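In what follows, a single structure is set out as structure tokens and then discussed.
The values are calculated or read from the model by the stated rules, or taken from the named source; none is laboratory data. As the structure is a prediction and not an experimental result, all values here were calculated from the model. Backbone-built Cβ (ideal geometry, glycine too); neighbour counts: all protein chains shown. These accessible areas exclude ligands, DNA and RNA; they are computed on the full protein's heavy atoms, side chains included. Shrake-Rupley method; radii C 1.70, N 1.55, O 1.52, S 1.80 Å.
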Amino acid sequence: MRIARPAASAAETLDPASSLSAYEYLGAIYNRVVKLDRAGETVPDLATDWSANADATMWDFRLRSGVTFHDGRTLTSRDVRYTFQHILDPETASPQAGPLEQIERIEAVDTTTVRFRLSSPNAEFPSLLTAYQCYVIPEDSAADIGRTGIGTGPFVLESFTPAGQGAIRANEAYFDGRAALDRIEFFSIQDTSARVNALLARQVDLLSQTNLDNPTARVVSGSPGVTVSRVENAQWYTIPMLHTSDEFADPQMRQAMKLAYDPRAILGTALQGTGTPGWDNPVPPQLAAFVDEQREYDPEKAKSILAKIGREGFSTKIHTSAYEPNFTAIATAYASQVKQAGIDLDITNVAADSYYTQVWMAEPLMVSYWFTGRPIDQLLNQIFRSGSGYNESAWSNPDFDRLLDEARADMNDATRLQKYQDAQRLIVADGADMTPVFGDRLVGLGENVVGYDEYGFEFDYMSIGLKEG
């Protein structure tokens, strides 16, 4: 199989702890201790089972026996301990170090048992080990893992060039059986149009990290030998209102911005219906923890609030970019909607290469996105907790933070779920991040591709294959 992916920087690495772009390689050559299923539930991967003490401050994971790394070494608890020590090392600068900061100590209890001791209770701790930065690497491998890619996964690395081509081949000794594909070749093509043209010319079989806009998807669907696969609700689109800005520090202003638009209209106009209305709840409907909390849509009420707080005829910029194909369509649809409430938004396009360095978390209003597929505890803590480095709106609410702490300490599944759902309601009512829509990801692929399955941004490498002939 031939896969086209965007070209990354020359600093691209296969070290899972710090990688920001090599997703296709990571999912093929590594495994995690545990992983997520489509409902957001934590299920076994390298671990067969796990358990906690009474207050969820100590977690034991039991590993599969007989699993080997690609270089022949046997997986042990020491490798898992080393993996997480590497993630937590400040010099690694891993994005997952923050969510895992509760870990006080990691112990290799015996060959197949690893123990995590936490500084505070967390009944959802296993879910934090499902992040893609948590792929397990061999002990003492940090110095060269970024280029060797030695893991336990269903494929073995053949070659890797940062921002360039590479290849992987099937792991004949994979513990969960051999993959259907013998080999995968990766091609780095920076421009989206060039990637699509490569697919149309049948030079590649699948486009990775490429969400097709609707017009392009129609072209692909109508072309011989290629088609479009839809990954439902895979893109979580946000419009963060910077909580620290003069424009959106007032909760009544944020309420007006929400009341002024109808997510169903944004979905229909910007995405031509390919997704689900968000109603400002960041939890995607497919997650088991999702609560259906449809807020009001009332532009007249929004206009009344603006008059009450002295913001009648409010005007500001909404920033967008070609970084993602649907950003500008969403910004345009939102700006059109809120005009009914007397809100005037100037759509401001910014270069893709500076959008997330100069606009994100700096400008008062912009369009952003995330991949879905995060466990509920990580989603809420990493992106909405006060002070988090990924909190794109800089929203801070002590009641929300307290709910998250109480949920983590609650060992009862039903009451813990209720706390996470209450946290969602608080985001809808007071939060500074609007979620207009969850968009379906439209993936271009050849008609010869079978078994394609994707969750978040990861392929299921054990199901994907090519038709014979």
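What's the FRET efficiency of A265 with A414 using the Cβ-Cβ distance as r and R₀ = 30 Å, to the nearest 0.05? After rounding, the FRET efficiency stands at 0.25.
Phi angles of segment 115-122 translate, via the Karplus equation with coefficients 6.51, -1.76, 1.60 and θ = phi - 60°, into HN-Hα couplings of 10, 10, 9, 10, 7, 8, x, 7 Hz per residue; Gly and Pro are given as x.
For the chain, the carbon plus sulfur part of the accessible surface works out to 47%, probe radius 1.4 Å. Summarising the amide proton neighbourhood of L466: residues at separation of 5 or more, or on other chains, whose placed amide H is nearer than 5 Å comprise V450. Amide hydrogen proximity for G275: with H placed 1.01 Å from N in the peptide plane, the residues at 5 or more positions away or on another chain lying under 5 Å are D440. Label positions at Q358 and L466, each projected 7 Å from the Cα along the C-beta direction, are separated by 4.3 nm.
Grab the beta carbon distance between S304 and A143, set R0 = 45 Å, and tell me the FRET efficiency rounded to 0.05.
0.15
Determine the sum of side-chain charges near T148: Lys and Arg each +1, Asp and Glu each -1, restricted to other residues whose C-beta is under 13 angstrom from that of T148. Let's see the in-between values first.
Details: positive: R73, R147; negative: D15, D71, D140, D144, E158.
For residues surrounding T148, the net value is -3.
Our coupling estimate for segment 332-338, obtained by passing each phi through the Karplus curve with A = 6.51, B = -1.76, C = 1.60 and θ = phi - 60°, is 5, 5, 5, 4, 5, 4, 6 Hz, Gly and Pro reported as x. Compared with the alpha-carbon gap, the fully stretched path from D176 to T111 is longer by 21.4 nm at 0.36 nm per residue.
Are there any GluC sites (Glu not before Pro) in segment 150-206 that are in a DSSP loop and have at most 11 other Cβ atoms within 10 Å? List them by number.
For GluC sites (Glu not before Pro) across segment 150-206 that sit outside H, G, I, E and B with at most 11 neighbouring Cβ atoms in 10 Å, the list reads E172.
Helix 299-308 and the longest principal axis of the C-alpha atoms of the chain enclose an angle of approximately 70°. Find how many whole Å separate the alpha carbon centroid of segment 352-407 from the alpha carbon centroid of segment 422-469. Rounded to whole Å, the Cα centres lie 20 Å apart. Using DSSP to call loops (not H, G, I, E or B), can you name the trypsin sites (Lys or Arg not before Pro) in segment 77-184 whose Cβ has at most 14 other Cβ atoms within 10 angstrom? Here the trypsin sites (Lys or Arg not before Pro) that fit, given the DSSP loop and packing criteria, are R178. Per residue, segment 377-469 exposes 36 Å² of solvent-accessible protein surface, assessed with a 1.4 angstrom probe and all protein chains in place. In the context of the full set of protein chains, segment 131-173 has a per residue accessible area of 36 Å² (1.4 Å probe). Please count, across the chain, the pairs of lysine residues with Cα atoms under 29 Å apart that sit 8 or more places apart or on different chains. For the chain, qualifying lysine pairs total 15. Compactness ratio for segment 180-333: Cα radius of gyration over 2.2 N^0.38 Å (N = residue count) comes to 1.33.
Separation of segment 285-302 and segment 57-112, taken as the distance between their Cα centroids, equals 39 angstrom. Accessible area per residue (1.4 Å probe, heavy atoms of protein chains only) ranks F248, F160 as F160, F248, with the largest value leading.
Once the Cα-Cα distance is subtracted from the 0.36 nm per residue extended length, the R295 to D89 segment shows a gain of 69.9 nm. Along segment 93-106 the Karplus relation, 6.51 cos²θ - 1.76 cosθ + 1.60 evaluated at θ = phi - 60°, assigns HN-Hα couplings of 6, 6, x, 8, 5, x, x, 9, 5, 5, 5, 9, 7, 10 Hz to successive residues, with x for each Gly and Pro. Rg/Rh for segment 25-97 stands at 0.98; both radii use Cα atoms, and Rh follows the Kirkwood definition.
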